[in-house]
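The values are calculated or read from the model by the stated rules, or taken from the named source; none is laboratory data. As the structure is a prediction and not an experimental result, all values here were calculated from the model. Cβ coordinates were reconstructed from backbone atoms using ideal geometry, including for glycine residues, and neighbour counts include every protein chain displayed. Heads up: the accessible areas ignore ligands, DNA and RNA and are worked out on the full protein's heavy atoms, side chains in. Shrake-Rupley method; radii C 1.70, N 1.55, O 1.52, S 1.80 Å.
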Amino acid sequence: MSSSPALVPRESKETAASSPDAANLFRNPSYPQRAHLGERPQLEETLRSWEQKINNLAGKLTALGNPGRATYERLFHQMQGARDQMAEAVRRMPLETGALYEEDRERFEAAVAALGRLFQSWDDVKT
């Protein structure tokens, strides 16, 4: 029995890995790609830098006497709150996409700006 060319499948010269369907077999096309994973080390370094600055002020706070301490304590706790906001944004940002990423980016930038203002207020307090 001879086989006709119409019944015999032709072999493709294209490899399976280069086919678009095979390359994205385990990727849901409706889910956006995470494009910000590479930002994580820089964000974590920024967070560590601010944490170090805040920890340095903790030592100064314990050395302060009673007069004027309440103002410094308030500023210190506000710094910790801004640091916590920054830490949450740093944790989430690399994993987010689209509007959620932009929201976390705004939160991160707001925390950095708040910490800058709080450190300036700390320096401006007259004891």
* Is there any pair linking a residue in region 64-80 that is polar (S, T, N, Q) to one that is open to solvent by less than 60 Å² (accessible area, probe 1.4 Å), with Cβ under 8 Å and at least six apart or on different chains, and which? -> T71/V125; Q78/A114; Q78/L118; Q80/I54
* Asked: Does E102 meet the test of being of a type in the set (D, E, K, R) and within 30 Å of S30 (Cβ to Cβ)?
  -> yes
* Structure fact -> The one condition A23 fails out of (1) open to solvent by 100 Å² or more (accessible area, probe 1.4 Å); (2) of a type outside the set (F, W, Y); (3) modelled with pLDDT under 70 is (1)
* To do: Would you mind stating whether T62 is β-branched (V, I, T), at pLDDT below 95 and open to solvent by 60 Å² or more (accessible area, probe 1.4 Å)?
  => yes
* Considering only residues that are in contact with a helix residue (DSSP H, G or I) (Cβ under 8 Å, 6 or more places away or on another chain) and free of Cβ contacts under 8 Å to residues at least 40 places away in the same chain, look in region 105-122 and name the one that is farthest from H77 (Cα to Cα). => R105
* To do: Check region 41-59 and report whether any residue there is open to solvent by 80 Å² or more (accessible area, probe 1.4 Å), of a type in the set (K, R) and either modelled with pLDDT of 80 or more or assigned to a helix (DSSP H, G or I) (or both).
  => yes
* Asked: What is the residue count in region 82-127 for residues that are within 25 Å of T62 (Cα to Cα), part of a helix (DSSP H, G or I) and open to solvent by less than 40 Å² (accessible area, probe 1.4 Å)?
  -> 10
* Right, P94: more than 17 Å from the chain's Cα centre (by Cα), of a type outside the set (F, W, Y) and modelled with pLDDT under 80 or not? -> no
